[in-house]
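In what follows, a single structure is set out as structure tokens and then discussed.
The values are calculated or read from the model by the stated rules, or taken from the named source; none is laboratory data. Predicted, not measured: the structure shown is a model, and the values here were computed from it. Note that we place each Cβ from the backbone using ideal geometry, even for glycine, and neighbour counts take in every protein chain shown. Accessible surface is based on the protein model in full, side chains and every heavy atom, while ligands, DNA and RNA are left aside. Shrake-Rupley method; radii C 1.70, N 1.55, O 1.52, S 1.80 Å.
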Amino acid sequence: YEQLLRRIFPDAVADRMRNGDVSMVENVPQATVIYAIVEGFAAVAQAADAAQAGRILSEIVDRFDTVAETEGVEKVKTIGDHYLAISGLSVARLDSARRAIEFARSASRELEKINERQGLSIGIATGPVQVGLVGSKRFVFDIWGYAASAARWIVHEADLNAIRLNDATANQLSDQDGIDDERTVPMTS
């Protein structure tokens, strides 16, 4: 049971659920949210049978999960070709923006290893969020609030294979990160 909880939820959430807390909702004053879209996956999935498309998506998610663990980022959830993660949730991090950028760049490199016909658009936003378990019959761990909404909005402004930042994230980074006037950072460092 505990292994299943830890595979589905961040460790801090799994610990609380194991202790019977299923109505958890909290404010997190500062975190960095990463919203990634695997561009081109829909065409790959359409050209493949369901089992093959599932294997490809599973491989992408597994690689992103490994990158997240390496970079100290926590996956929140996936919805098809969308991947939502957060830095600074279970452990407050002064370098959450830097970790988010490193996650994005590493995830992009992992995606290139799988299939060059796909790319990433990534929105990264820093700020307050609310987190918790939502639903009562089939609950899910979710995040919402300013940074979560901002990341979802700006990902659609990101060019393919580029990272779009909100002001708060850009302010945490240095000129060495290659931030342009539009708050865009290249996938490669």
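Results, tabulated for the structure shown:
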{"quantity": "Total residues in region 123-152, condition modelled with pLDDT of 95 or more, closer than 23 Å to Ile60 by Cβ and not charged (D, E, K, R)", "calculated": "5"}
{"quantity": "Ala147 being farther than 24 Å from Ala12 by Cα, open to solvent by less than 40 Å² (accessible area, probe 1.4 Å) and among the small types (Gly, Ala, Ser)", "calculated": "no"}
{"quantity": "First in region 147-163 and farther than 21 Å from Pro128 by Cβ, second anywhere and among the polar types (S, T, N, Q) and part of a helix (DSSP H, G or I), Cβ under 7 Å, 6 or more apart", "calculated": "Asn161/Ser108"}
{"quantity": "Residue count, region 98-111 (criterion: open to solvent by less than 60 Å² (accessible area, probe 1.4 Å), under 19 Å from Ser58 (Cβ atoms) and out of contact with any helix residue (DSSP H, G or I) (no Cβ under 7 Å at 6 or more places or on another chain))", "calculated": "1"}
{"quantity": "So Ile114, is it open to solvent by 10 Å² or more (accessible area, probe 1.4 Å), without any contact (Cβ under 8 Å) to a residue 24 or more places away in the chain, touching a helix residue (DSSP H, G or I) at 6+ places or on another chain (Cβ under 8 Å) and among the hydrophobic types (A, V, I, L, M, F, W, C)", "calculated": "no"}
{"quantity": "So Arg63, is it in a helix (DSSP H, G or I), at pLDDT 90 or above and not hydroxyl-bearing (Ser, Thr, Tyr)", "calculated": "yes"}
{"quantity": "Meets criteria (acidic (Asp, Glu) and either touching a Phe, Trp or Tyr at 6+ places or on another chain (Cβ under 7 Å) or not in a helix (DSSP H, G or I) (or both)) for Asp21", "calculated": "yes"}
{"quantity": "Condition broken by Ser136, with the remaining ones in (1) of a type in the set (Ser, Thr, Tyr); (2) within 17 Å of Arg93 (Cβ to Cβ); (3) surrounded by fewer than 14 Cβ atoms within 10 Å (Cβ to Cβ) satisfied", "calculated": "(2)"}
{"quantity": "Selection within region 150-167 - open to solvent by 20 Å² or more (accessible area, probe 1.4 Å) and among the aliphatic types (A, V, I, L, M)", "calculated": "Leu160"}
{"quantity": "Selection count, region 65-97, where residues are within 9 Å of the chain's Cα centre (by Cα), surrounded by 17 or more Cβ atoms within 10 Å (Cβ to Cβ), within 21 Å of Glu112 (Cβ to Cβ) and not aliphatic (A, V, I, L, M)", "calculated": "3"}
{"quantity": "Residue match in region 122-132 (condition: in contact with a helix residue (DSSP H, G or I) (Cβ under 9 Å, 6 or more places away or on another chain), open to solvent by 10 Å² or more (accessible area, probe 1.4 Å) and of a type outside the set (Gly, Ala, Ser))", "calculated": "yes"}
